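Here the structure comes first, spelled out in structure tokens, and everything after it is commentary.
The values are calculated or read from the model by the stated rules, or taken from the named source; none is laboratory data. All figures in this text were calculated on a predicted structure; none of them were measured in a lab. Cβ: placed from backbone, ideal geometry, glycine included. Neighbour counts: every protein chain shown. The accessibility values were calculated without ligands, DNA or RNA, using every heavy atom of the protein model including side chains. Shrake-Rupley method; radii C 1.70, N 1.55, O 1.52, S 1.80 Å.
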Amino acid sequence: MDIFEKCWNFTKAQEYMDRGIYPYFVPVEENHGPRVVMNGREILMIGSNNYLGLTKDPRVIEAAIKATEKFGTSCSGSRFLNGTLQMHTELESRLAKFVNKEAALVFSTGYQANAGAISTIIDKKAVVITDKTNHSSIFDGVFLGASLNPGVTVKRYKHNDADDLERVMKAIDPERPKLLVSDGVFSMEGDFVKLPRLLEIANEYNARLYLDDAHGIGVGGDTGRGTMEHYGYFDEVDVIMCTFSKTFASLGGFIAGKKEVINYIKHYSRQLIFSAAMPPANVAAVLKALDIIEKEPQIVRRLQDIGQKMRREFQTLGFDTGHSETPIIPVLIKDYDKTFMFWKTLFDEGIYTNAVVAPAVPPDRSLLRTSYMATHSDNDLDQVLETFKKIGKQMGVI
Ligand SMILES: Cc1ncc(COP(=O)(O)O)c(C=O)c1O
């Protein structure tokens, strides 16, 4: 049998293209923040993770240009060898301070940060306990670690369900080393993890807690320090991870924790050692975004206000916004085809959302993921609500 057989047989994407409702890989021709150009038309973007709107901030752009002029377009090597710039180490100490940890380590993507940190830290007889809906990069880190170390056991618990987590924990041999892993804010439905219960359970069962706060930092807490700050904690979580591709207006990711833990991962993570370092422009963009977040926390609060308003208004219109508690607001359509049709009608009306269907979510939770930027205007938001109302009624969703 030909190894490519499955490729010849894969026709589903083409079928949706032929029906004119394929919602993926639509190229952006121009990016003006809340407004972009797609298919030659101006589109209101409510499908971006540019939460604080910093990707088009002139200060961030200038920092990226200056770093490129000074250091070139690439680091041309691994952090381990020739690829570490003084800017990388400066960023690591700034980030560690920002999340109240002793040390931080930056990777070239958030995906690599999770895959690298988790697969490196779990070995021998470790048990990893993970929320079923954690991000795929967490699962890939877990699966990679487990395949390299056959003694590793993987346990999943129901989404954000502390009772189920406790049930799973109770059944684990107390002598085995344990890593409990969760998203801080879940990426599809925008709900916060129940951190106080997770911390209690981690302490009671002697597990280390690893929190992926990719959608939490810049979004949660009065000063944007994320899920920890949202709950009024300081440094209780053992390892914090975040990407730079959302709030931080760049590309890359980091982990932060005790200096010995970070130092171990730095010397053993294959994803760090065998991949080129974050390019200068990306590092400089994060440093500038961090300056802005620290000096202007009001942008975080503007984003939070937008999230509250949109959730309230969607619910008043009769839409189901799932578990959302943040500016990530899913609009549940609950049907595969209808989700694509709703997406296309919205797109024709000038609004871009993200269509999310199985296997990314259970089939009965097909949804349009909407997410907001601190730079959306009140007019932008009204346009979104009016358009959703019109289409929701037409399609019998509300
Ligand atoms: C929760 C979560 N973790 C990790 C990542 C990976 O980050 P990156 O896009 O920087 O690779 C993402 C991005 O989609 C994410 O949503």
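Output the number of the condition that Glu189 fails; it satisfies all remaining conditions of (1) buried (at least 21 other Cβ atoms within 10 Å of the Cβ); (2) modelled with pLDDT under 95; (3) away from the ligand (no atom under 16 Å from the Cβ).
If we test Glu189 against (1) buried (at least 21 other Cβ atoms within 10 Å of the Cβ); (2) modelled with pLDDT under 95; (3) away from the ligand (no atom under 16 Å from the Cβ), just (3) comes out false.
Do you know which residues across region 272-289 are within 16 Å of the ligand (Cβ to nearest atom) and not β-branched (Val, Ile, Thr)?
Within region 272-289, the subset within 16 Å of the ligand (Cβ to nearest atom) is 272, 275-279, 281-283, 285-286, 289.
Of everything in region 272-289, those that are within 16 Å of the ligand (Cβ to nearest atom) and not β-branched (Val, Ile, Thr) turn out to be Leu272, Ser275, Ala276, Ala277, Met278, Pro279, Ala281, Asn282, Ala285, Ala289.
Can you list the strands (runs of 3 or more DSSP E) lying wholly within region 1-61 that have 1 or more residues being crowded, with 16+ Cβ neighbours inside 10 Å?
Numbers: elements: 30-32, 35-38, 41-45.
The qualifying strands (runs of 3 or more DSSP E) are 35-38, 41-45.
Give me the residue from region 249-271 that is within 14 Å of the ligand (Cβ to nearest atom) and either in a helix (DSSP H, G or I) or farther than 23 Å from Ile61 by Cβ (or both) and, out of that set, least open to solvent (accessible area, probe 1.4 Å). Explain how you work it out, then say what you get.
First, pick out the residues of region 249-271 that are within 14 Å of the ligand (Cβ to nearest atom): 249-255, 271.
After this cut, where a residue has to be either in a helix (DSSP H, G or I) or farther than 23 Å from Ile61 by Cβ (or both) as well, the list is 255, 271.
Numbers: Ile255: 0, Gln271: 37 Å².
In this case the residue turns out to be Ile255.
Please go through region 337-354 and give me each residue that is in contact (Cβ under 8 Å) with a residue 12 or more places away in the chain and within 23 Å of Asp382 (Cβ to Cβ), ordered by number.
Matches in region 337-354: Phe342, Trp343, Lys344, Thr345, Leu346, Phe347, Glu349, Gly350, Ile351, Tyr352, Thr353, Asn354.
Which ones in region 90-124 are open to solvent by 50 Å² or more (accessible area, probe 1.4 Å) and either free of Cβ contacts under 8 Å to residues at least 24 places away in the same chain or within 15 Å of the ligand (Cβ to nearest atom) (or both)?
Scanning region 90-124 gives Ser93, Lys97, Tyr111.
Take the conditions part of a helix (DSSP H, G or I), β-branched (Val, Ile, Thr) and in contact with a helix residue (DSSP H, G or I) (Cβ under 7 Å, 6 or more places away or on another chain) and apply them to Thr89. Does it pass? So that I can check it myself, show each step before the final result.
Working: part of a helix (DSSP H, G or I): yes; β-branched (Val, Ile, Thr): yes; in contact with a helix residue (DSSP H, G or I) (Cβ under 7 Å, 6 or more places away or on another chain): no.
So Thr89 does not fit the description; no.
Listed here are the residues, each with its yes/no results for (1) touching a residue at least 60 places away in the same chain (Cβ under 8 Å); (2) touching a helix residue (DSSP H, G or I) at 6+ places or on another chain (Cβ under 7 Å).
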| residue | (1), (2) |
| --- | --- |
| Glu260 | no, no |
| Tyr264 | yes, no |
| Pro279 | yes, no |
| Asn282 | yes, no |
| Val286 | yes, yes |
| Ile292 | yes, yes |
| Gln308 | no, no |
| Thr321 | no, yes |
| Asp335 | no, no |
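Take region 358-394 and flag every residue that is open to solvent by 10 Å² or more (accessible area, probe 1.4 Å) and in contact with a helix residue (DSSP H, G or I) (Cβ under 6 Å, 6 or more places away or on another chain).
Ala374, Leu385, Lys389
Within the bounds of region 351-362, is there any residue that is in a loop (DSSP other than H, G, I, E, B) and at positive phi? Walk me through how you get there before you give the answer.
Within region 351-362, the first condition is being in a loop (DSSP other than H, G, I, E, B), and the residues that meet it are 353, 357-362.
Still in the running and at positive phi: none.
No: region 351-362 contains no residue that is in a loop (DSSP other than H, G, I, E, B) and at positive phi.
Which of the residues belonging to region 222-248 are crowded, with 24+ Cβ neighbours inside 10 Å, out of contact with any strand residue (DSSP E or B) (no Cβ under 9 Å at 6 or more places or on another chain) and of a type in the set (Ser, Thr, Tyr)?
Passing the criteria: only Thr247.
What's the number of the only condition in (1) at pLDDT below 95; (2) not in a loop (DSSP other than H, G, I, E, B) that Leu199 fails to meet?
Just one mismatch for Leu199, condition (1).
If I ask for residues that are acidic (Asp, Glu) and out of contact with any strand residue (DSSP E or B) (no Cβ under 9 Å at 6 or more places or on another chain), which ones from region 193-221 would you list?
At the first step, the residues of region 193-221 found to be acidic (Asp, Glu) are 200, 204, 212-213.
Answer for region 193-221, where residues must be acidic (Asp, Glu) and out of contact with any strand residue (DSSP E or B) (no Cβ under 9 Å at 6 or more places or on another chain): Glu200, Glu204.
Looking at Gly151, Gly190, which one is of a type in the set (Gly, Ala, Ser) and in contact with a strand residue (DSSP E or B) (Cβ under 7 Å, 6 or more places away or on another chain)? Before you say what the answer is, go through the steps one by one.
Details: Gly151 fails: in contact with a strand residue (DSSP E or B) (Cβ under 7 Å, 6 or more places away or on another chain).
Answer to the selection: Gly190.
Which members of region 323-333 meet the condition of being crowded, with 21+ Cβ neighbours inside 10 Å and in a loop (DSSP other than H, G, I, E, B)?
Ser324, Thr326, Pro327, Ile333
With respect to Asp183, determine if the residue is touching an Asp or Glu at 6+ places or on another chain (Cβ under 7 Å), under 22 Å from Lys266 (Cβ atoms) and within 16 Å of the ligand (Cβ to nearest atom).
On the way: touching an Asp or Glu at 6+ places or on another chain (Cβ under 7 Å): yes; under 22 Å from Lys266 (Cβ atoms): no; within 16 Å of the ligand (Cβ to nearest atom): yes.
In short, no.
Quick test for you: out of Lys295, Lys288, pick the one residue that is under 30 Å from Ala104 (Cβ atoms) and buried (at least 19 other Cβ atoms within 10 Å of the Cβ).
Details: Lys295 fails: buried (at least 19 other Cβ atoms within 10 Å of the Cβ).
On inspection, the qualifying residue turns out to be Lys288.
Can you pull out every residue in region 303-320 that is open to solvent by less than 60 Å² (accessible area, probe 1.4 Å), in a helix (DSSP H, G or I) and of a type outside the set (Lys, Arg)?
Answer for region 303-320, where residues must be open to solvent by less than 60 Å² (accessible area, probe 1.4 Å), in a helix (DSSP H, G or I) and of a type outside the set (Lys, Arg): Leu303, Gln304, Ile306, Gly307, Met310, Phe314, Leu317.
What residue, of Ser182, Ser147, is among the hydroxyl-bearing types (Ser, Thr, Tyr), open to solvent by less than 10 Å² (accessible area, probe 1.4 Å) and either farther than 18 Å from Leu52 by Cα or assigned to a helix (DSSP H, G or I) (or both)?
Values: Ser147 fails: open to solvent by less than 10 Å² (accessible area, probe 1.4 Å).
Matching residue, one of Ser182, Ser147: Ser182.
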